[in-house]
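See structure below.
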Amino acid sequence: MIKELKTGFLMMIVLTVITGFLYPAVITAIAQVAFRDQADGSLLVSNGQVIGSRLIGQNFTKSEYFHPRPSSAGSGYDPTATAGSNLGPTSAKLLNGAIATDDKGKESVGFDGIKDRVLHYCVENEIPFTLSVPIELFKDAQGNLDDVKLIKAFNDEKTPLVVAATQPIPADAVTASASGIDPHISPRNAELQATRIAKTRGVPPAEVLKIVAEHTEGRTLGVLGEPRVNVLEVNLALDKSFPPK
């Protein structure tokens, strides 16, 4: 019995050394030599500081930047809680949004919904749209859209609020990715945001579109996926070419 235990113990030691030390060390060495950037996380550095990764989306809300697609990862763009909304295309919640009420009866946005996102996207990017009720009825004292009122109106069973953009809105502008941290947007999404960015930075729209074209990636291997624009990279290029005022 001692002989069998000794054999098993020695085998455990050998396999631990091989699979726990030698194999990881060899793979790490190969990765650092052949794929150093990817192995280190595809990090982006600006002014000596790591500001993000090419692989992980992050939120941008200022008007001088391209905005990413919506996120359902944690509280938004959380790489430790990647997830989608898991709502299907016929879901009323996905389309109209939902209101959350706390224990004190205070209402807030539980889920904004595609219709609310379409309206915000049109307003932010000066895209013409129609609304079945005057938009002024859904603004607060500061002139900002009241999302709670909007979502209630979208969910009205008798006379639901109807919003329609005068041109197609890219799906990635109003829907989250499965992970919630997709770092890319579609070229069309970027093009529709270019006018807002150019106006804010005080440059011709053509200059912003030129940067978009320079940062548009093609399909992987020419056939996989769709053309895309990395939001963090294109925003860094904007700051380099046209520093915000």
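The values are calculated or read from the model by the stated rules, or taken from the named source; none is laboratory data. Owing to the predicted nature of the structure, the values given are computational and were not obtained by experimental measurement. With ideal geometry, Cβ positions are generated from the backbone for all residues, glycine too; neighbour counts draw on all protein chains shown.
Key figures
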| quantity | calculated |
| --- | --- |
| The one condition in (1) at pLDDT below 90; (2) over 17 Å from the mean Cα position of the chain (by Cα); (3) hydrophobic (A, V, I, L, M, F, W, C) that residue 127 fails to fulfil | (1) |
| Yes/no for residue 107 being more than 28 Å from residue 187 (Cβ to Cβ), in contact (Cβ under 8 Å) with a residue 40 or more places away in the chain and surrounded by fewer than 16 Cβ atoms within 10 Å (Cβ to Cβ) | yes |
| Among residues of region 40-62, those that are touching a residue at least 12 places away in the same chain (Cβ under 8 Å), of a type outside the set (Gly, Ala, Ser) and in a strand (DSSP E or B), counted | 2 |
| Failed item, numbered, when residue 49 is tested on (1) farther than 23 Å from residue 163 by Cα; (2) touching a Leu at 6+ places or on another chain (Cβ under 9 Å) | (2) |
| Residue identified as at pLDDT below 90, small (Gly, Ala, Ser), assigned by TED's automatic domain parsing to the domain that holds residue 192 and surrounded by 15 or more Cβ atoms within 10 Å (Cβ to Cβ) among 46, 75, 53, 71 | 53 |
| Residue satisfying all of: in region 214-238; at pLDDT below 95 and in a strand (DSSP E or B); nearest to residue 190 (Cα to Cα) among these | 217 |
| Candidates 197, 181, 211 - the one that is in the same structural domain as residue 60 (by TED's automatic domain parsing), closer than 29 Å to residue 86 by Cα and either not in a loop (DSSP other than H, G, I, E, B) or not aromatic (Phe, Trp, Tyr) (or both) | 181 |
